[in-house]
Structures are given as C-alpha cells and as structure tokens.
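First comes the structure, then the notes that go with it.
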Amino acid sequence: MSFIPDIRLFSCHYTSQQSCADEGRELNQLNFPENVKMTRVVCTGKLEEITLLKAFEDGADGVYVVGCPAEGCHNVRGSQRAAKRVEAVRSALSELGVEEERAKMFFLPRGLHPEFVDVAQEMNDQVTELGPSPF
Amino acid sequence: MIIAERKPLAEIIEMIQDCKKILVLACRGCVTVCSAGGEREAEILASLIRLGLKKAGKSAEVFDASLVRQCDKEYIDSIDQFKGQYDAIVSTACGVGVNFIANLRPEDNVFPALNTTFFGGSAEQGVWTEQCAGCGDCVLHLTGGLCPVARCAKNLMNGPCGGSVDGRCEIHSEVDCVWQNIYDRMGRLQRQEEMTVSAPIRDWSTAGHGGPRKQVREDLTV
Ligand code: SF4
Ligand code: SF4
C-alpha cells in the first residue's frame, strides 16, 4: 500500500493570495497535491515555532512554510523571521533523531505562480520518500 | 541578569523517560528575557518532550505552566497548586529555581531543563555577554567599571597578561582583552596613575570558595 503523507503548509496571505481563487479549483487543476493542507496566515513572520511543532504532534508527516521572497517581503522581514523558526524546528527535529527535511521554508513571489505548485509537489515527493513520521 | 540556554533534548528526555505526568514549569524572570525558559520556551519544550517520548514509544502527559519567579519564596509557594499531580517537574528556570523547588519539595522529582551559564547582559538582540561573576568583593571602582574577574580569561587582578594581540585576548581573537580596555579607559579618564598600584592579594572566600553565600538585610526581614 502506498503511503500518502499528511503535509501541512503554512503560507502567508500574499504568497497564497490566488490559491483560494475559484474556491481552490484553479490549484486543483494545476495538480496541487490534495494531501497538502494549507493554512493561510497574515504574515509568515507571525508563525510561532510551537504552531509548527503542534502540526507534527497533530500527525503531520511534513510541515512547510511559504512566504515572500526574503528580500521582498510585504512586511519587510516577516519571511526571514519565519525561516528562523523553521530552522529552529529543523534543528529540534534533528536533535530528536528525525529527518530535518520534514520541515522546510520556501520563499516565493506573491500570487499564483507555478512554483507554488512545484514546491508542494517537491515536499510531497520528499516526505513520501521519507515515509511516515516517527511521532 | 542570569543567562541560560536549553540543554540538549536527549539529555532532558533521558531524565524524564519513565515519568507519566510531567510539568514543564517556566519562570517569567531572567530566563524569559534571555529567551531560554519563559512561557514560550516551556510550551515549545513540552511539545518537544511529547514528540521525543512518542518517538521512543513511550506515552506521557506533558503540561506547561509558569510562575512569576522561581527564585522567590513568595512566588514559588504557588507551586502548591500542582501538588501531587505530577511525577516530575522540569524547570526551565535557572539553577536557582530548580534548587528552590528541590528545597521546597523534599518528595518530588525536579529536573533542570537549562544550563545556567553566566551573569550577563543583552549586547544586541539575540546576543548576550558575560559581565560579572558575582565574586562578592567588587573591584570595579579600581578598573574603570570593567570586570577583570568575569571578563579576563585568567581572572587577573593586575593585567594585561602579555598574551593580548591588537587589543584582543589570546583565548579568542574576537574577544576584547578586558585589561587593554581597562588601560585605555583609565587613560581616557586620566586615572592611569591608579594603575601603577598593584592590586593586593584578593580574598576569594567571598567568591563562593567559602561555601554557599548568604545575605541578610535586617531592615527587610520581618
Ligand atoms: S569584581 Fe566581582 S562583583 Fe565586581 S563585576 Fe567583577 S565579578 Fe562582579
Ligand atoms: S589577553 Fe587580556 S583578557 Fe585575555 S587573559 Fe590576558 S589579560 Fe586577560
């Protein structure tokens, strides 16, 4: 039986602004993986480390964050802050002996670009390969 | 303030591996300011302990709570609200907090979540540096306000040692030689004459070498 990972995406309002267009149908048509559950946040800089950890506690096999380009964040340094929190989660995972690839940060331009779908697929492939989370 | 940092997770999880009900107890004092053991860090640690135990195939309930300060009887007393509910308290306070809980709770397990490192200050956001070692016999009036006990690698009372290069200490090229700083500063203050006087042999008994220290302020006791 093939494994379908539970993947949680936290994306800022700006980067994901078109992802909700047409009730998400557009994303579907572009092959955005169905098993990636997206939570939109006002700014990824608002994300707390605990929110990412709770996603793992809640059964996620992989967690990733998509925010504005590091040098072009709508809120100036929001996505850079998010990247630090993702980094903290990655190092905690590795302290626990878990693959840090299960948590990732991506910087993408605003709006619906093919990269938004690409990184979802990349994350999906990566976590599928890693297998179920040990938590 | 007291500066501390979280212990490696493996060490913490090892301490409590057989506990079933664990309280991660934060302190809202110094360790909150240095982002090591405040409410936010305790919440994160509780989550990491749950994840770590789960990965190890163990199950335990892990909660988090906080006290205003763990180094103060007035506040630590409120730990009574958790009495009998947990088989381990993991304190994210400095070592003082852990000791205070241990003093107060002869029957209960308390474990340190942090390594208590030094008395320091926040030099810039996210950076803390050691400034004082709490030696109990302050010499800052003789050294232009810069501490040779805490900041000289050799705790010299008459420096520099001769090992400094370009104003940096020989232990690390990025650390200022505090004796160079003292020398420069005394010069600027036109107090260089004072540096010709050799510091007398120190009485280190106040620096913890005389056993645990105690301070009583009769005017404050009731
Ligand atoms: S001389 Fe002693 S008390 Fe004064 S700053 Fe240095 S370590 Fe602290
Ligand atoms: S180089 Fe300066 S700070 Fe370093 S040990 Fe020598 S006197 Fe002390």
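The values are calculated or read from the model by the stated rules, or taken from the named source; none is laboratory data. Since we're looking at a predicted model, the values are computed, not measured. Positions of Cβ are generated from backbone atoms using ideal geometry, with glycine treated the same way; all protein chains shown enter the neighbour counts. All accessible areas refer to the heavy atoms of the entire protein, side chains included, with ligands and DNA or RNA removed. Shrake-Rupley method; radii C 1.70, N 1.55, O 1.52, S 1.80 Å.
Where Lys and Arg each count +1 and Asp and Glu each count -1, what net charge lies around B:Arg217 among other residues with Cβ under 15 Å from its Cβ? Net charge in that neighbourhood comes out at 0.
Put a dot 7 Å past the Cα of A:Asp58, heading toward its Cβ, do the same for B:Ser59, and the two dots end up 2.2 nm apart. When all protein chains stay in place and ligands, DNA and RNA are ignored, the 1.4 Å accessible-area order of B:Trp204, B:Trp179, largest first, is B:Trp204, B:Trp179. Placing unit charges on the Cβ atoms only, positive for Lys and Arg and negative for Asp and Glu, gives segment B:93-222 a dipole magnitude near 160 debye about its Cα centre. Take the accessible area of chain B alone and of chain A alone, subtract that of the pair, and you get about 1400 Å² summed over both chains, using a 1.4 Å probe. Cross-link partners of A:Lys54 among aspartates and glutamates, defined as those whose alpha carbon lies under 12 angstrom from its own and excluding same-chain residues fewer than eight positions apart: B:Glu43. In terms of distances greater than 20 angstrom between alpha carbons, the cross-link table entries B:Lys7/B:Lys154; A:Lys37/B:Lys55; B:Lys21/B:Lys54; A:Lys37/A:Lys104; A:Lys46/B:Lys54 yield B:Lys7/B:Lys154; A:Lys37/B:Lys55; A:Lys46/B:Lys54.
How much net charge surrounds B:Phe100 when only other residues with a Cβ under 14 Å from its Cβ are counted (Lys, Arg +1; Asp, Glu -1)?
Local net charge: -2.
Comparing each chain alone with all protein chains together (probe 1.4 Å, DNA, RNA and ligands left out), the residues of segment A:96-122 losing at least 10 Å² of accessible area are A:Leu96, A:Gly97. Of the whole protein surface, B:Glu14 contributes about 120 Å² of accessible area at a 1.4 Å probe radius.
Normalised radius of gyration (Cα atoms, divided by 2.2 N^0.38 Å) for segment A:30-135: 1.03. The accessible surface of the protein assembly as shown, taken with every protein chain in place and a 1.4 Å probe, is 49 percent carbon and sulfur.
Measuring with a 1.4 angstrom probe and ignoring ligands and nucleic acids, B:Ser122 comes out at about 70 Å² accessible. The accessible-area ordering, largest first, of the residues A:Leu30, A:Leu130, B:Leu25 stands as A:Leu30, A:Leu130, B:Leu25, per a 1.4 angstrom probe.
Take each residue of peptide A:53-62, count the partner chain Cβ atoms within 10 Å of its Cβ, and average: the result is 2.
Placing R0 at 45 angstrom, the Cβ-Cβ distance between B:Val216 and A:Glu101 gives a FRET efficiency of 0.20 after rounding to 0.05. Per Stokes-Einstein, at 25 °C and 0.890 mPa s, what whole-number D in µm² s⁻¹ belongs to segment B:141-212, with the Kirkwood radius over Cα pairs as the hydrodynamic radius? Here the translational diffusion coefficient equals 189 µm²/s. When all protein chains stay in place and ligands, DNA and RNA are ignored, the 1.4 Å accessible-area order of A:Phe106, A:Phe56, largest first, is A:Phe106, A:Phe56.
Within the shell defined by Cβ-Cβ distances under 13 Å, the residues around A:Pro33 carry a net charge of -4, with Lys and Arg each +1 and Asp and Glu each -1. Between A:Glu129 and B:Glu130, the simple label model (points 7 Å from Cα in the Cβ direction) yields a spacing of 4.4 nm. A Förster radius of 45 Å, combined with the Cβ-Cβ distance separating A:Ser91 from B:Asn158, puts the computed FRET efficiency at roughly 0.55. The share of Cα pairs per 10 Å bin across the protein assembly as shown, counted from zero up to the longest distance, runs 5, 19, 22, 20, 18, 11, 5, 1, 0 percent.
Per residue, the protein assembly as shown reaches -8500 deg cm²/dmol at 222 nm when only DSSP H runs of four or more residues are counted, each adding -39500 (n - 2.57).
The figure for A:Lys46 is an accessible area of roughly 140 square angstrom, using a 1.4 Å probe on the protein chains alone.
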